[in-house]
Each structure stands twice: as structure tokens, then as C-alpha cells.
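> Shown below is the structure under consideration.
The values are calculated or read from the model by the stated rules, or taken from the named source; none is laboratory data. The shown structure was predicted, so the numbers you read here are calculated from the model rather than taken from an experiment. Quick reminder, even Gly has a Cβ in these numbers, built from the backbone with ideal geometry, and neighbours come from all protein chains shown. These area figures cover heavy atoms from the full protein model, side chains too; ligands, DNA and RNA do not enter into them. Shrake-Rupley method; radii C 1.70, N 1.55, O 1.52, S 1.80 Å.
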Amino acid sequence: MRPINILLVMLIFVIASCQSKNAVHLKTALEQKERTAFNILVGKKGPNERKLKCLINGDFKCAQQAITEKEQAFDKIISEINALETGDIKYGNELKSATCNYYKAVKQLEVFDRHEIIVQQQSQKASTEQLRDSVIAKQGQLLKHKLEMRKLINKKEKQLAEIQKQFNSVNRLD
């Protein structure tokens, strides 16, 4: 092979192996949002920990406020993801959409705690056996609904993982 052909082949390999800076930026931004969501759900001094402490202390109003704080934090994450530019990034729009759908489902599950808190309050105020049975039935319905929500989250998470895999592959981010 002539030196020009070798140089041309090397140049083609270099260009073909380059990662899109926009794709790297999108991936980094989404990973940062994932860390933020993690801190909301399990971070020290996060809204979820505050909610649990409030419930332990029997302060239902404080627990409701912590849930509102979680809801607002997830709304912020979702709006920031929606604001990300995907431009000409391959699978960028799909990844952004799947990520938003996943966080919307997680938010719905976290906000659902409001219903459980109301029922918990009712159970503490129940004075008769009939009222307690009614509250227990409500708790069972809530648990069933929560299970369905978790199944939906699992489905959204699997979709997101598949799209992330495709995004990383197409944009050479593996």
C-alpha cells in the first residue's frame, strides 16, 4: 500500500471512531439527573428521609410536605430533561422521551404515598371494629394499586435500558 492510502485508511478509522460531543453531553446530563433522583429517594437529608422521620414521629402534615417537596423535585428533573437539546443526536429524542416517561412513573409512585398517609391517619382515628376493617380494606387496595405502579416502573425501566443501550451503541459511547 502506498503511504497516501495508509494515511487515508487511518483517517477514515479516526473519523469513524469519534464520539459525538453532543451525545456525550446528553448522556452526562442524564446521568446527573439520575444521581439527583437517587438523592431524592435515598439521599441523606433528602425529602424521602424527611418523610420517613415525620411518619415515625406521627407528624402527617410534615410527611405530606416532604411528599410535595419530592413531587416538585421530580417535576424539576423532568422539565430539565425536556429542555435538553437532542439536535442531530442519533436516538437522542428516544432516550430523552424514555427517560422522562420513567421519571414520571417514579414520581407517580412517590406521590402515591399521600394516599397511604391519609389511610394511616384514618386507621389511627378508627374507633370501631367496622371502621378499622374499612381502613384495612383501603390499605389492601392501595397496596394492590402500588404493585401495579411498580410493574409499570419496571416496564419503563426496561424500555429505558434498551434505548440507552441502542443510544450508546449508535453513538459509540460503550
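> Looking at region 21-28, can you tell me whether even one residue there is touching a residue at least 24 places away in the same chain (Cβ under 8 Å), in contact with a Ser or Thr (Cβ under 8 Å, 6 or more places away or on another chain), open to solvent by less than 50 Å² (accessible area, probe 1.4 Å) and within 30 Å of ASN171 (Cα to Cα)?
Among the residues of region 21-28, at least one is touching a residue at least 24 places away in the same chain (Cβ under 8 Å), in contact with a Ser or Thr (Cβ under 8 Å, 6 or more places away or on another chain), open to solvent by less than 50 Å² (accessible area, probe 1.4 Å) and within 30 Å of ASN171 (Cα to Cα), which makes the answer yes.
> Condition test on VAL135, is it open to solvent by less than 20 Å² (accessible area, probe 1.4 Å) and farther than 26 Å from LEU30 by Cβ?
Yes.
> What is the residue count in region 79-122 for residues that are over 30 Å from LEU142 (Cβ atoms) and among the aromatic types (Phe, Trp, Tyr)?
Residues in region 79-122 being over 30 Å from LEU142 (Cβ atoms) and among the aromatic types (Phe, Trp, Tyr): 1 in total.
> When both residues are 6+ apart or on different chains and their Cβ atoms are under 9 Å apart, which pairs have a first residue that lies in region 157-169 and is on the phi < 0 side of the Ramachandran plot and open to solvent by less than 40 Å² (accessible area, probe 1.4 Å), and a second that is assigned to a helix (DSSP H, G or I) and among the basic types (Lys, Arg)?
PHE167/LYS27; ASN168/LYS27
> Quick check on region 141-156: of everything there that is open to solvent by 80 Å² or more (accessible area, probe 1.4 Å) and among the aliphatic types (A, V, I, L, M), which residue is nearest to THR99 (Cα to Cα)?
LEU152
> Given the criteria closer than 24 Å to ASN171 by Cα, modelled with pLDDT of 95 or more, out of contact with any helix residue (DSSP H, G or I) (no Cβ under 8 Å at 6 or more places or on another chain) and open to solvent by 60 Å² or more (accessible area, probe 1.4 Å), does GLN32 qualify?
yes
> Here's something else I'd like to know. Among the residues of region 35-46, which ones are surrounded by fewer than 14 Cβ atoms within 10 Å (Cβ to Cβ) and under 17 Å from the mean Cα position of the chain (by Cα)?
Result: ARG35, PHE38, VAL42.
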